[in-house]
Amino acid sequence: MNSSDLRTKFLAFFKARGHAIVPSSSLIPDDPSVLFTTAGMQQFKKYFTGELDPIKDFGSKNVTSVQKCFRTSDIDEVGDESHLTFFEMMGNFSFGGYFKKEAIIYAHEFIAKELGLSIDYVSVFEGDADVPADMESEEIWKSLGVKDVRKFGRKDNFWGPTGAEGPCGPTSEVYVRGVEVWNLVFNEYYQDKNKKLTPLKVKGIDTGMGLERLAMMVQNTQTIFETDLFKNPLSTFMHLPGVDDKSGRIFADHIRGATFLIADGVLPSNKDAGYILRRLIRRAIFHSRKLTGEDNGGGFKLSTSRTLEAVKNTISFYGNSFENYKNLLVNEKDILKIFKEEQNKFIQTLDNGIREFNRLHNSKSKVQGESGGSYKIFGKISAEDAFHLYQSYGLPREIIRDLCVEREAEFDDKGFDKEFEKHQEISRAGVEKKFGGHGLTLDTGELKAGSEEEQRKVIKFHTATHLLHQALLEVLGNEVEQRGSDITPERTRFDFTFPRKVTPEELKRIEEIVNEKIKADLPVKVIEMSKAEAEKTGALKFFKGKYSDKVTVYFIGDSLENAFNKEFCAGPHVSRTSEIGKFKITKEESSSAGIRRIRAIIE
Ligand code: GLY
């Protein structure tokens, strides 16, 4: 039975028992206390509490759905047989229509009779100081012939709420072949923000059964990745039976998850859901190179086109297989465009980062020789090295960790955290120094601002000025050298050496370059290094600047190596160039002999 038949069968089973079929809600819920939809019950929270009336909205107190879900809680487990970030959850719900008895009878009937699967055992809540043991469920299961009823506590057999507060209650779980396939939640309580439980006026039922896991049972496969849900959309990439390869599984999960997030309106960014999406895409790209054998730095050609192919296949598979998805995944062109842009942004960074990783790793590995043979002692990637790869090369932490696993090098998670904190402090200290320590006024001779609003503008102009400086160098060449700058909340003024008037065409090109870089949404990062090291990077310096032995270099781009601009600078700057807005040059004039002056605004 394929996954599409399973969905249909499930919905039909509950429809025949008086349930209204409700379409999946978006992966991005209304509830601001959670980032994603993680369970089928989320869209029904207000029916459980009595705030909304199910009869009015669905014509029944009982409903059923197949809900798209996304969970980050299992992200580190992805790669084993059964864990995923994105999955589909089949569920039946009742808002005061029925309770334990019917819910357990339905579950038993569907698993044992409709699907002919054998239930290994079930579990029920064992009871604690606040919630009594669930003897009733135990008896119902036994009356149906399920003899093995196990008892567990809060951690295993109590579910919810999602978000800061909501309905929750004891659960009963159904196990097939040792895998939990169905979770029946008996919603009896409301947990408030202080974690206090109050009995709900009307008791309810909320169940969740993962389609992928059930497909694994019904199709009798060893892993979820061998079910039709993964085989079809990703077959072009996953060299079956390579599906049991960890990279293949991570790739498969992340591509599917990212595709669905984009389809529900999430864009890659550095915040919240967008940040999770960005991490999924980047990690999928990282693992894709293993699937095509392009894994030693360089040459992502094959894997990048295959990644897009996998996205395409995912869209057409889901678009055709279930009406829940037809309307959401129509915009194939946009989904592919977003993937492609993110991929292009990241490939160069990844390539350089892997090369640097290999360099560091090789330099710290030793070949030990003994008579007749030699073997390599693999080097440890120190926390400093890892942070260097993160900060200067733009490699995400989980990719550094994955590289360490591949090369049998240790990854020092705690040390990395410490490095991270240290650098955050440096960058905060830099900002505070600039703001006079209180964030009240910003007056360094170069940057002048009062209110917070003005300070924000000045910071935008400051980053824009770095972009302008670089664009001047690109268009006018090395004769350009900064002679001074003055930034207010209204404009930036930049003085530089150049022997003649800058032509209107040149000005237009300079303005264009700055705006291209703003549009590219480049990250702005800071790194602390010794003055000598910083000089070696080629970072721009102000000719009058006096620098101590330790300096901070701000760079605009994913990594120090391929940054568009890098300068000796104490900040502060925006964190992404897209925060700046539209850049416009308003005037070009002579300032003094051999020195030109440009004024520019942000619109
Ligand atoms: N709401 C039940 C579950 O997610 O398992």
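Listed values, structure above:
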quantity: Residue list for segment 382-394, restricted to those being free of Cβ contacts under 8 Å to residues at least 60 places away in the same chain and either in a loop (DSSP other than H, G, I, E, B) or crowded, with 17+ Cβ neighbours inside 10 Å (or both); calculated: Ser382, Ala383, Asp385, Ala386, Phe387, His388, Leu389, Tyr390
quantity: Test result for Ile459, surrounded by 14 or more Cβ atoms within 10 Å (Cβ to Cβ), closer than 16 Å to Ser575 by Cα, of a type outside the set (Gly, Ala, Ser) and modelled with pLDDT under 90; calculated: yes
quantity: Some residue of segment 128-148 being at negative phi and within 36 Å of the chain's Cα centre (by Cα); calculated: no
quantity: Test for Lys100: is it basic (Lys, Arg), within 16 Å of the ligand (Cβ to nearest atom) and under 28 Å from Tyr275 (Cβ atoms); calculated: no
quantity: Some residue of segment 207-225 being of a type in the set (A, V, I, L, M, F, W, C), modelled with pLDDT of 95 or more, outside any helix (DSSP H, G or I) and under 23 Å from Asp128 (Cα atoms); calculated: no
quantity: Leading residue by the ranking (farthest from the ligand (Cβ to nearest atom)) among those in segment 34-57 that are free of Cβ contacts under 8 Å to residues at least 40 places away in the same chain and under 29 Å from Lys193 (Cβ atoms); calculated: Lys56
quantity: Index of the failed condition, Val22 passing every other in (1) closer than 29 Å to Val266 by Cα; (2) touching a residue at least 60 places away in the same chain (Cβ under 8 Å); (3) in contact with a helix residue (DSSP H, G or I) (Cβ under 8 Å, 6 or more places away or on another chain); calculated: (2)
quantity: Residues satisfying the stated conditions in segment 487-534, i.e. under 37 Å from the mean Cα position of the chain (by Cα), more than 30 Å from Asp385 (Cα to Cα) and in a loop (DSSP other than H, G, I, E, B); calculated: Thr488, Pro489, Glu490, Arg491
quantity: Cross-chain or 6+ apart pairs with Cβ under 7 Å, segment 150-169 first and over 16 Å from Asn187 (Cβ atoms) and more than 12 Å from the ligand (Cβ to nearest atom), then at pLDDT below 90 and not charged (D, E, K, R); calculated: Ala164/Ser33
quantity: Some residue of segment 187-195 being within 30 Å of Ala215 (Cβ to Cβ) and either within 14 Å of the ligand (Cβ to nearest atom) or crowded, with 22+ Cβ neighbours inside 10 Å (or both); calculated: yes
quantity: Cβ pairs under 7 Å, 6+ apart, first in segment 122-138 and without any contact (Cβ under 8 Å) to a residue 40 or more places away in the chain, second part of a strand (DSSP E or B) and surrounded by 14 or more Cβ atoms within 10 Å (Cβ to Cβ); calculated: Glu126/Lys151; Glu126/Phe152; Ala133/Phe125; Glu138/Val124; Glu138/Val149
quantity: Some residue of segment 424-438 being modelled with pLDDT of 80 or more and closer than 30 Å to Glu77 by Cβ; calculated: no
quantity: Residue match in segment 207-225 (condition: among the aromatic types (Phe, Trp, Tyr), touching a Gly at 6+ places or on another chain (Cβ under 9 Å), more than 11 Å from the ligand (Cβ to nearest atom) and touching a residue at least 24 places away in the same chain (Cβ under 8 Å)); calculated: yes
quantity: Within segment 539-603, strands (runs of 3 or more DSSP E) holding 1 or more residues that are touching a Phe, Trp or Tyr at 6+ places or on another chain (Cβ under 6 Å); calculated: 550-556, 565-568, 595-602
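The values are calculated or read from the model by the stated rules, or taken from the named source; none is laboratory data. All figures in this text were calculated on a predicted structure; none of them were measured in a lab. Don't worry about glycine lacking a Cβ; one is built from the backbone with ideal geometry, like all the others, and counts go over all protein chains shown.
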